[in-house]
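Okay, so here's the structure we're looking at.
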Amino acid sequence: MTTAPWRDPALPADARVADLLSRMTLEEKAAQLYGVWVGAATDGDGVAPLQREMTAEYDWDELITRGLGQLTRSFGTAPVDPDVGARALARAQRRIAAANRFGIPAVAHEECLAGFTAWRATAYPVPLAWGASFDPELVEQVGRRIGRDLRAAGVHQGLAPVLDVVRDPRWGRVEETIGEDPYLVGTVGTAYVRGLESAGVVATLKHFAGYASSAGARNLAPVRAGVREFADVTLPPFEMALREGGARSVMAAYTETDGVPASADPGLLTGLLREEWGFTGTVVADYFGIAFLRSLHRVAADEAEAAHRALAAGIDVELPTVNCYGKPLVAAVREGRVPEALVDRAARRVLLQKCELGLLDEDWRPEPEGPLDLDSAANRALAGRLAEESVVLLDNPDGLLPLAPDTRIAVVGPRAADALAMLGCYSFPSHVLTHHPGIPPGIEISTVLDALRTELPDAKVSFAEGCGVADPDTAGFAEAVARAAEADVCVAVLGDRAGLFGRGTSGEGCDAADLRLPGVQGELLDALVATGVPVVLVLLTGRPYALGRWHGRLGAVVQAFFPGEEGGPAVAGVLSGRVNPSGRLPVSVPRLPGGQPWTYLQPPLGLAGEVSSLDPTPLYPFGHGRSYTEFAWEDFAGSAADIGTDGSYDLSLTVRNTGDRAGTEVVQLYLHDPVASVTRPDVRLIGYRRLDLAPGAARRLTFRFHADLSSFTDRTGARVVEPGELELRLGPSSAEVRHRARLRLTGPARVVGAGRRLHCEVVA
């Protein structure tokens, strides 16, 4: 085999893989199409839904004689020292290579939603916090650093980012998303992809597609999205991340749309993804997603039929462990029930990716390069910077913040003294360590209480928990109220506990009936406000919660979306004034807890009006966030103009920091389409830029709008740029307009496709 053409790195990858496939048996080709989850529980609780029922026993030594496509979560299944884990992964790879005729190792994959999901690895802010930063460049740096840690440990593929667009904030996985706007999700998610891929790690886009549009905000429920919502809201982030980010893998969603499960949809996974968009990488199943075609969707009678439907649709790899693509698939091919050409097609894609990763080369090396530090000082500094940029100051009407350095502060609430309050459900301590009681988190995580005491050493800080996160017990209210009454200011730290499948108030499978604060936290906040002491509400959550009940009654409101291991100092820095808040809302904050779903991407009929007694207008709109300084938007250049339906237009302004301290403004560009052939959102984001400005400093920005950015899906299903009136709006949020530019697109309607411009160029 050492002299075979497939071993020759000088040959094109296609030629190498074609030669290799010609030498493989059916069993060997099928073996490249599944993963194995070593150490996954087959009894008791697991870390994935239905893990116990869907994971069968197997003979490892016998299994790997045919080769193996993937190794599932060597680090992310149980707490293992990184160096020990890297050596164990290397040993497993050597065994796999030695056992099969071709000496080919597996692709090792891990979760990396908010950092490498491994013990003692940095827990970064969750993706919703990435969105709040409005800083793709910083998110790209985070992706690059996470990728380097993965590669150093011997991991080839990361199951991130999540590019689902929030459609209902009650959905438990909102914390995993980047926000409710497809442009924000696309630009920030693409940046993360670029970072991960630059480190040589295969980025996996998920969940393709429509997962976040599930009915009733229930995890793994049917999707009710219409054709145009799917095309104009759900799909654009994936297209951007593939075209501009270079992602090499896509994960099929669990959900069904209009009766067709994504895992069995050739129109989605082949027609759109490959034939229209030109994707050439691998499509992987979400965990147990192929078997779910039989057990949950009931579109397959048995495992073999499920394998046939998934392969025909375009799923190349079954994750997390062998089930349908193993013996049932091989037997069905032998019986003539499944064409072997489908196996060949998927195996070719898998082997091409292994060729890209160097895993077909004779000199591949599984050994780690040296001692691993997955939570380095550089990691923590980057995590801290992202945490600081993501904290959103929602309100500060009377300037209560920053807090005086020598004041008396009562810190109250169930999230104030719990380190896990900083972490989302896909961080290792929340995701895995709950099954391993007594094992320490492996990373240092400061609480808000500890960080505030460090931040303000001269302040007199007292603490009372008040209540639990979701418990109905109010016995702690009395002590909390007493501490608040003794203080000059009360800092109420409330929010979510991240978990999985009902074990938390936010996270996968932790969907909410409404947007009230969990448990009796709302009643605790009422009791604190009733003391008359000014209350600063600090929220550590995975979703927005309705705050209209307390509007005008709070001294200040600070929102942080699971800001990671450095989140405590970041929040404390905002409270003290060391950090000037610069985060902006990636999701609207509702006024009332009911009336969902609602996002800011509403056509006129979805806005407030006299025909209904319910006003869906959010309390704090998408893009909103305040600062401790002020900014002037000056010298706007954007007069009315006519441009062609294939034309472009520049609009410029100068932003000046008029305050006495450094700060960051986030300039946002929105599109308003007054008349179109189908209803359109009243406004939607098409460009933005963060500007860091010293006191008195100014910078000029130019947004280069192209008519492609006005395109949408028309009644025929085509994406078109229509002639007619448009209005470009510059503002600090989706609800506030500082400057307008009126355009008229002239000429014929123009159909645009995969070559259209996807983002607005901004020159600063």
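The values are calculated or read from the model by the stated rules, or taken from the named source; none is laboratory data. Keep in mind that this is a model prediction, so the values were computed, not measured. Positions of Cβ are backbone-derived with ideal geometry, glycine not excepted, and every protein chain shown enters the neighbour counts. All accessible areas refer to the heavy atoms of the entire protein, side chains included, with ligands and DNA or RNA removed. Shrake-Rupley method; radii C 1.70, N 1.55, O 1.52, S 1.80 Å.
Would you please report the Å³ per residue occupied by the convex hull of the alpha carbon atoms in the range 507-649?
Output value, Cα hull per residue: 226 Å³.
Relative contact order of the range 547-675, please, whole-number percent, based on alpha carbon pairs below 8 angstrom and at least 6 residues apart. Spell out each step's value before the answer.
Details: 135 pairs, mean separation 32.1, N = 129.
After rounding, I find 25 percent.
Would you be so kind as to identify which of Trp277, Ile315, Ala300 lies farthest towards the positive end of the dipole of the range 268-318, taking Lys and Arg as +1 and Asp and Glu as -1 on Cβ and the Cα centre as origin?
In the range 268-318, that residue is Ala300.
Rounded to the nearest 20 debye, what is the charge dipole size of the range 384-504 about its Cα centre when +1 sits on each Lys and Arg Cβ and -1 on each Asp and Glu Cβ?
The calculated dipole for the range 384-504 is roughly 340 debye.
Quick one: Cα centre-to-centre distance for the range 652-695 and the range 111-150, in angstrom?
When both Cα centres are located, 25 Å separates them.
Send over a whole-number figure in Å² for the accessible area per residue of the range 663-764, probe 1.4 Å.
That works out to 40 Å² for each residue.
To the nearest 10 degrees, how steeply does helix 377-390 sit against the main Cα axis of the chain, on a 0 to 90 scale?
Orientation of helix 377-390: about 50 degrees from the principal axis.
What does the charge add up to near Glu176, with Lys and Arg as +1, Asp and Glu as -1, over the other residues with Cβ less than 15 Å from its Cβ?
Computed value for this residue: -4.
Could you work out the pair-distance distribution P(r) of the range 349-440 from its alpha-carbon pairs, with 5 angstrom bin width and percents rounded to whole numbers?
That works out to 2, 8, 8, 13, 14, 13, 13, 11, 5, 4, 3, 4, 2, 0, in percent per bin.
Can you list residues whose amide H is under 5 Å from Thr321's amide H, if they're 5+ apart or on another chain and H is modeled 1.01 Å from N?
Under 5 Å from the amide H of Thr321 lie the amide H atoms of Gly35, Phe288, each far enough along the sequence or on another chain.
What percentages make up the Cα-Cα pair-distance distribution of the range 252-309 when the bins are 10 Å wide from 0?
It works out to 25, 53, 21, 1, in whole percents.
Go through Val751, Ala377, Asn396 and say which Cα lies farthest out towards the positive end of the charge dipole of the chain; charges sit on Cβ, +1 for Lys and Arg, -1 for Asp and Glu.
Val751
When only C-alpha pairs under 8 Å and at least 6 residues apart count, what is the relative contact order of the chain, in percent?
Computed value for the chain: 13 percent relative contact order.
Could you look at the chain and say what percent of its accessible area is carbon and sulfur, using a 1.4 Å probe and all protein chains? Could the numbers behind the result be given before it?
Numbers: 12890 of 26420 Å².
Using a 1.4 Å probe with all protein chains present, the chain comes out at 49 percent carbon and sulfur.
For the chain, give the magnitude of the charge dipole about the Cα centre (Cβ charges: +1 Lys/Arg, -1 Asp/Glu; no others), in debye to the nearest 20.
940 debye
Nearest 10 degrees is fine. How inclined is helix 182-198 to the longest principal axis of the chain, computing both from alpha carbons?
Relative to the chain, helix 182-198 is tipped by roughly 50 degrees.
Once amide H atoms are built 1.01 Å from N in the peptide plane, which residues 5 or more positions from His739, or in another chain, come under 5 Å H to H?
Leu730
Asp714 accessible area, nearest 10 Å², 1.4 Å probe?
Result for Asp714: roughly 20 Å² accessible.
Over all alpha-carbon pairs in the range 290-436, figure out the percentage whose distance exceeds 28 Å.
57 percent
Choose one of Phe102, Ala78, Thr117: the residue whose Cα lies farthest towards the positive end of the charge dipole of the range 71-146 (beta-carbon charges +1 Lys, Arg; -1 Asp, Glu; about the Cα centre).
Phe102
Please report, in Å, the Rg and the Dmax of the range 221-295, where both are computed over Cα atoms only.
Here Rg and the maximum Cα pair distance are 12.4, 37 Å.
Rounded to the nearest 0.05, what FRET efficiency is calculated for Glu335 and Ser198 with R0 set to 45 Å and r the Cβ-Cβ distance? Numbers along the way, then the final one.
Details: r = 46 Å, r/R0 = 1.01.
Once the sixth-power term is evaluated, E becomes 0.50.
Which whole-Hz ³J(HN,Hα) couplings does the range 137-154 yield from phi under the Karplus relation 6.51 cos²θ - 1.76 cosθ + 1.60, θ = phi - 60°, glycine and proline marked x?
Ordered by residue, 3J(HN,Hα) equals 4, 5, 4, 4, 4, 4, x, 5, 5, 4, x, 5, 5, 4, 5, 4, 8, x Hz.
Write down, largest first, the equivalent ellipsoid semi-axes of the range 573-678 in whole Å, where each equals the square root of 5 times an eigenvalue of the alpha-carbon gyration tensor.
For the range 573-678, the ellipsoid semi-axes come out as 29, 27, 10 Å.
³J(HN,Hα) across the range 472-478 via Karplus (A = 6.51, B = -1.76, C = 1.60, θ = phi - 60°), whole Hz, x for Gly/Pro?
x, 5, 10, 4, x, 4, 4
So, in Å, what gap is there between the alpha-carbon centers of the range 700-715 and the range 233-299?
Each part reduced to its Cα centre gives a spacing of 27 Å.
Amide H of Val202 versus every other amide H placed in the peptide plane: which residues, excluding those fewer than 5 positions away on the same chain, fall under 5 Å?
Amide H to amide H, under 5 Å and 5 or more residues apart or across chains, Val202 pairs with Gln157, Gly158.
Round to the nearest 10 and report in Å² the accessible area of Arg553, as given by a 1.4 Å probe over the protein chains' heavy atoms.
Accessible surface of Arg553 is approximately 110 Å².
Once both labels are modelled 7 Å past Cα along the beta-carbon direction, what's the Thr746-Arg549 spacing in nm?
Between Thr746 and Arg549, the label points sit 5.7 nm apart.
Whole-Å semi-axes of the range 427-548's equivalent ellipsoid, largest first, each the root of 5 times a Cα gyration tensor eigenvalue?
Semi-axis lengths for the range 427-548 are 26, 20, 12 Å.
Sort Thr541, Thr658 by accessible area with a 1.4 Å probe, largest first.
Descending accessible area places them as Thr658, Thr541.
Considering Cα pairs under 8 angstrom that are at least six residues apart, work out the relative contact order of the range 501-601 and quote it in whole percent.
About 28 percent, as a whole number.
Could you run the Karplus curve 6.51 cos²θ - 1.76 cosθ + 1.60 with θ = phi - 60° over the range 742-759 and give me ³J(HN,Hα) per residue in whole Hz, x for Gly and Pro?
9, 10, 10, 7, 10, x, x, 4, 10, 7, 10, x, 5, x, 6, 6, 9, 9
Give, to the nearest whole percent, the P(r) tail of the range 716-759 beyond 18 angstrom, counting all Cα pairs.
Across the range 716-759, Cα pairs with separations above 18 Å total 49 percent.
So what is the diffusion coefficient of the range 668-709 in µm² per second by Stokes-Einstein at 25 °C and 0.890 mPa s, using a Kirkwood Rh over Cα pairs?
It comes out at roughly 191 µm²/s.
For q values of 0.15 Å⁻¹, compute log₁₀ I(q)/I(0) with the Debye formula on a Cα-only model of the range 457-510, without solvent.
-0.56
Just to confirm the filter: which trypsin sites (Lys or Arg not before Pro) across the range 162-219 are DSSP coil and have at most 16 other Cβ within 10 angstrom of their Cβ?
Answer in residue order: Arg218.
Leaving ligands, DNA and RNA out of it, work out the accessible area of Phe562 with a 1.4 Å probe and give it in Å² to the nearest 10.
Solvent-accessible area, nearest 10 Å²: 0 Å².
May I have the pair-distance distribution P(r) for the chain, computed from all Cα-Cα distances with 20 Å bins from 0 and rounded to whole percent?
Final binned percentages: 17, 49, 30, 4, 0.
At most 14 other Cβ atoms within 10 Å plus a DSSP loop assignment makes a site exposed; report the longest stretch of the chain without any exposed GluC sites (Glu not before Pro).
By the stated rule (loop sites, at most 14 other Cβ atoms within 10 Å), 58-334.
Return the Rg/Rh ratio of the range 651-764 with Cα-based radii and a Kirkwood Rh.
Expressed as Rg/Rh, it is 1.05.
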